[in-house]
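Engineer: Starting off with a structure, shown below.
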Amino acid sequence: MIPSKLPNVGTTIFTTMSELAAQTGALNLSQGFPDFNGPQALLESVGRHVMAGHNQYAPMSGLAALRQQVALKVKRLYGATVDPDHEVTITPGATEAIFCAIQAVVRPGDEVIIFDPCYDSYAPSVALAGGRCVHLQLDPSDFAIDWQQFADALTPRTRLVVLNSPHNPSGALLSRKDLDQLAQLIANRDIYVLSDEVYEHLVYDDVQHACVLAHEQLYRRAFVVSSFGKTYHVTGWKTGYVIAPPALTTELRKVHQYVNFCGVTPLQYALADFMAEHPEHVDALPAFYQAKRDLCCGLLQDSRFRFTPTAGTYFQLVDYSHIRPDLDDVQMATWLTREHGVATIPISVFYQQAVPGQRLLRLCFAKREETLRQAAEKLCAI
């Protein structure tokens with residue numbers, strides 16, 4: 001037997017539930033991807049660049065034109081000036097960016113604070129770097145950070161704090177006040193910040209995203225990760241980026257060049273073209289996805305599920321405790337898929353230790369209206 005570096009890691013819940021949905025013919029509201037295509041102009045641009053011969057390696061740091069478009073977007077939306085050559089790195093997916101950032105700064109014996117529930121790549125990445133995760137639970141009622149609990153968890157070994165806003169799986173948002181609190185607590189410590197902001201444009205009800213790039217104190221010590229896949233409805237392109245100050249970018253690129261070296265070239269050309277020609281796309285995203293959220297919640301209003309409309313992301317949590325309180329969430333997700341034809345994600349898998357008695361499932365509403373109506377009909381019939 002080969003000794004495993006990740007002995008407690010198996011197949012992800014996203015793969016498991018998508019496979020179960022495919023096997024049973026269930027509607028897949030589990031894994032976070034749209035069932036509609038990206039913008040036609042973007043898709044056509046890829047074909048043009050493939051045929052134009054843009055099929056060899058891109059620069060390790062990413063296509064210059066795309067890095068420049070990222071910097072322009074950051075300046076326009078957040079008022080922050082970043083150097084496209086020394087602070088922006090294009091990566092094959094946000095998960096790779098997260099992995100490389102963690103490997104760049106976490107050393108054996110270091111502690112990394114993460115907030116449960118959290119995206120499932122954080123802890124394995126820390127383990128592979130030789131670090132130790134310190135799991136702090138978000139408030140189960142609103143998924144807010146308890147800053148006193150955070151302060152109490154800081155030690156001389158704390159090396160990194162991982163933030164995620166808008167938050168997967170809850171959709172909760174960090175505020176500027178939260179960022180100020182974090183900056184104050186780590187001001188005199190050798191601690192870095194990894195801010196996972198892949199859903200940065202999916203914030204609803206006229207609330208503004210609190211971006212770490214716009215927080216001067218935090219950005220000095222931060223990696224900020226974003227996703228083209230989420231923003232342009234093309235998750236299968238696995239293309240993202242990370243922005244960090246020059247010294248941190250240098251260390252990140254040292255790792256990135258040996259993990260994947262570069263992202264897919266024609267996709268980068270197409271994204272650069274589309275961002276230059278259609279900057280309004282990101283401005284329209286909040287209203288576009290809020291309409292889907294509101295449709296999803298409206299359709300479920302007469303169901304036996306309880307919920308509060310999500311503040312961000314394209315995920316909606318629903319409480320099923322009035323339907324099958326006898327089932328834990330993994331059992332409930334399986335039952336719903338097999339018996340009622342709708343696949344969801346149990347949120348206990350996002351915790352180191354699940355909250356006792358919590359009965360929540362995550363639905364993805366990045367779907368066509370037809371899909372949402374069909375799923376709601378099945379869920380309301382329970």
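Engineer: Every residue in the stretch 161-177 that is in contact with a helix residue (DSSP H, G or I) (Cβ under 9 Å, 6 or more places away or on another chain) and more than 28 Å from Ile345 (Cα to Cα), please.
Structural biologist: Selection gives Arg176 alone.
Engineer: Let me ask another. Can you name the residue in the stretch 80-100 that is under 23 Å from Val234 (Cβ atoms) and among the small types (Gly, Ala, Ser) and is also surrounded by the fewest Cβ atoms within 10 Å (Cβ to Cβ) among such residues?
Structural biologist: Filtering first and then ranking leaves Gly93.
Engineer: Given (1) in the same structural domain as Met332 (by TED's automatic domain parsing); (2) more than 30 Å from Lys292 (Cβ to Cβ), identify the lone condition not met by Leu6.
Structural biologist: Looking at each condition in turn, Leu6 falls short on (1).
Engineer: Something else about it: Given the options Leu295, Leu285, name the one that is in a helix (DSSP H, G or I), touching a His at 6+ places or on another chain (Cβ under 7 Å) and either outside the structural domain of Gln103 (by TED's automatic domain parsing) or farther than 23 Å from Val82 by Cβ (or both).
Structural biologist: Leu285
Engineer: Within the stretch 40-69, can you find the residues that are part of a loop (DSSP other than H, G, I, E, B), touching a Ser or Thr at 6+ places or on another chain (Cβ under 9 Å) and of a type outside the set (Ser, Thr, Tyr)?
Structural biologist: Initially, the stretch 40-69 is screened for residues part of a loop (DSSP other than H, G, I, E, B), giving 52-63.
Checking which are touching a Ser or Thr at 6+ places or on another chain (Cβ under 9 Å) leaves us with 54-58, 60-63.
Residues satisfying the conditions are His54, Asn55, Gln56, Ala58, Met60, Gly62, Leu63.
Engineer: Do the conditions hold for Thr235, that is, is it touching a residue at least 12 places away in the same chain (Cβ under 8 Å), in the same structural domain as Ala64 (by TED's automatic domain parsing), buried (at least 24 other Cβ atoms within 10 Å of the Cβ) and within 24 Å of Tyr119 (Cα to Cα)?
Structural biologist: It is false that Thr235 is touching a residue at least 12 places away in the same chain (Cβ under 8 Å), in the same structural domain as Ala64 (by TED's automatic domain parsing), buried (at least 24 other Cβ atoms within 10 Å of the Cβ) and within 24 Å of Tyr119 (Cα to Cα).
Engineer: Check whether at least one residue in the stretch 57-79 is buried (at least 19 other Cβ atoms within 10 Å of the Cβ), aromatic (Phe, Trp, Tyr) and at pLDDT 95 or above, and report yes or no.
Structural biologist: yes
Engineer: I'm trying to understand the selection: among the residues of the stretch 116-136, which are surrounded by fewer than 22 Cβ atoms within 10 Å (Cβ to Cβ) and touching a strand residue (DSSP E or B) at 6+ places or on another chain (Cβ under 8 Å)?
Structural biologist: Within the stretch 116-136, Asp116, Tyr119, Ala127, Arg132, Cys133, Val134, His135, Leu136 meet the criteria.
Engineer: Sort out for me the strands (runs of 3 or more DSSP E) sitting completely within the stretch 81-196 that have 1 or more residues that are aromatic (Phe, Trp, Tyr), closer than 22 Å to Ala244 by Cα and at pLDDT 95 or above. Walk me through it before giving the result.
Structural biologist: Details: elements: 88-91, 111-116, 132-137, 158-164, 192-196.
Output list reads 111-116, 192-196.
Engineer: So for the stretch 39-56 (the condition being surrounded by 22 or more Cβ atoms within 10 Å (Cβ to Cβ) and in contact with a His (Cβ under 9 Å, 6 or more places away or on another chain)), does at least one residue qualify?
Structural biologist: yes
Engineer: Please go through the stretch 17-35 and pick out each residue that is surrounded by fewer than 20 Cβ atoms within 10 Å (Cβ to Cβ) and over 19 Å from the mean Cα position of the chain (by Cα).
Structural biologist: Scanning the stretch 17-35 gives Glu19, Leu20, Ala22, Gln23, Thr24, Gly25.
Engineer: Is it true that some residue in the stretch 260-271 is within 13 Å of Glu96 (Cα to Cα), surrounded by fewer than 18 Cβ atoms within 10 Å (Cβ to Cβ) and touching a strand residue (DSSP E or B) at 6+ places or on another chain (Cβ under 9 Å)? Break it down into steps so the answer makes sense when it comes.
Structural biologist: If we filter the stretch 260-271 for residues that are within 13 Å of Glu96 (Cα to Cα), which is where we start, we get 260-263.
When the remaining residues are screened for being surrounded by fewer than 18 Cβ atoms within 10 Å (Cβ to Cβ), the result is 260-261.
Now drop any that are not touching a strand residue (DSSP E or B) at 6+ places or on another chain (Cβ under 9 Å), which leaves 260.
Yes, the stretch 260-271 has at least one match.
Engineer: So, Arg362, is that one in contact with a Pro (Cβ under 7 Å, 6 or more places away or on another chain) and part of a strand (DSSP E or B) or not?
Structural biologist: yes
The values are calculated or read from the model by the stated rules, or taken from the named source; none is laboratory data. Values in this document were obtained by computation on a predicted structure and should not be read as measured data. Heads up, the Cβs are rebuilt from the backbone with ideal geometry, glycines too, and the neighbour counts pull from every protein chain shown.
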